[in-house]
Amino acid sequence: MGAFHEGHLQLMRTAKRETDRVVVSLFVNPTQFGKGEDFSKYPRDLERDARLADEAGVDVLFAPPVEEMYPRLATSVHVPVVTDLWEGEVRPTHFDGVATIVCKLFNIVRPTVAYFGQKDLQQCIVIGRMVEDLNMPLKLSIQPTVRESDGLAMSSRNVYLSSEERAVAPRIYQELIRCQTEITKREYGDNVSPIVENSKDSLESLGFRVDYLNLIDMDSTEKSDHLVDRAAIIVAARLGTTRLIDNVILNVASHA
């Protein structure tokens with residue numbers, strides 16, 4: 001959605017290394033913003049973003065106006081089940097907007113590979129389910145979250161943080177890592193909910209307002225109280241007026 005940062009640029013560079021031609025979409029999508037969210041003030045700088053994309057080797061920057069993508073009330077794509085929880089519960093219309101615009105972009109560009117960042121993990125799961133269910137002829141490449149030197153996940157919304165909030169924000173990732181370390185010491189069947197709740201309490205004691213922090217099964221996105229084969233810890237928390245999301249995927253192969 002623009003306001004390119006190093007996380008976006010690494011996706012572009014990876015795509016450039018691995019494919020023949022790279023198309024990058026730049027579109028602040030109104031249908032994935034809910035009532036009272038920051039669509040009108042979302043950071044936009046087309047000239048800067050175009051320069052950065054060019055420097056990253058992008059062949060085509062597709063930056064259509066809203067009226068071109070939505071000339072009328074549009075057909076909507078809904079991906080069931082995996083959109084019901086977490087971001088879907090906090091932002092009820094969000095994933096329909098995401099699925100619809102991604103479907104439209106796939107149909108326009110016809111990519112063979114589409115690159116996404118792991119930071120938006122539930123979004124990646126939703127898009128993966130859509131691609132599978134609708135037999136879309138492309139491969140998804142989910143790339144690791146790119147972080148600042150102190151661990152904070154790179155995000156266009158980080159510019160909203162005050163200097164004091166920016167100093168506290170990396171504690172989200174630190175808690176995720178601590179939670180991950182403790183959980184992976186446990187065995188299958190062990191109840192890990194107290195570990196997760198402790199991390200949530202720690203963040204709230206630092207001034208975060210936690211929307212959710214949970215261990216989930218990545219296949220269903222449902223909360224899990226114990227280790228599963230494909231597990232992740234996901235978090236969304238507000239610091240001041242800024243809402244931050246992050247996640248870590250657990251390596252539980254050694255427990256199988």
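A short reminder: the numbers here are calculations on the coordinates, not readings from a lab. Here the structure is a predicted model, which means the values were calculated and not measured. Heads up, the Cβs are rebuilt from the backbone with ideal geometry, glycines too, and the neighbour counts pull from every protein chain shown.
Highest average first, the peptides 86-98, 30-42 ordered by how many other beta carbon atoms sit within 10 Å of their residues are 86-98, 30-42. Summary value for region 98-243: 18 percent relative contact order, contacts being C-alpha pairs under 8 angstrom separated by 6+ residues.
The angle separating the long axis of helix 6-18 from the principal Cα axis of greatest extent in the chain is about 70 degrees.
Full extension of the chain between Ala74 and Ser220 yields a length gain of 49.8 nm, computed as 0.36 nm times the residue separation minus the alpha carbon distance. Taken as Cα centroids, region 102-164 and region 198-253 sit 18 Å apart, rounded to the nearest whole angstrom. In the chain, the calculated helix contribution to ellipticity at 222 nm averages -10500 deg cm²/dmol per residue, counting -39,500 (n - 2.57) for every DSSP H run with n ≥ 4. Oblate is the label for region 130-245, because the ratio a/c of its alpha-carbon gyration tensor axes (a ≥ b ≥ c) is 1.5 or higher and a/b is not greater than b/c. So which of Lys139/Lys223; Lys16/Lys200; Lys119/Lys185; Lys16/Lys223 end up more than 32 Å apart by C-alpha? In this structure, Lys16/Lys200; Lys16/Lys223 exceed 32 Å between Cα atoms.
The angle between the Cα long axis of helix 171-183 and the main principal axis of the chain comes to about 50°, on a 0 to 90 degree scale.
When you restrict to C-alpha pairs under 8 Å that are six or more residues apart and normalise by the size of region 38-165, the relative contact order lands at 19 percent. Compared with the alpha-carbon gap, the fully stretched path from Val81 to Arg110 is longer by 7.8 nm at 0.36 nm per residue. Look at Leu73, Leu9 and count the other Cβ atoms within 10 Å of each Cβ; fewest to most, that gives Leu73, Leu9. How tilted is helix 94-109 with respect to the longest principal axis of the chain? Cα atoms for both, answer in degrees (0 to 90, nearest 10). Between the helix axis and the principal axis of the chain, the angle is about 40 degrees.
Stretched out straight at 0.36 nm per residue, the stretch from Glu18 to Tyr188 would grow longer than its current Cα-Cα span by 57.4 nm.
Note on Tyr42 and Leu206: with the Förster distance fixed at 22 Å, the Cβ-Cβ geometry gives a FRET efficiency of about 0.25. Based on C-alpha pairs under 8 angstrom that are at least 6 apart in sequence, the chain has a relative contact order of 16 percent.
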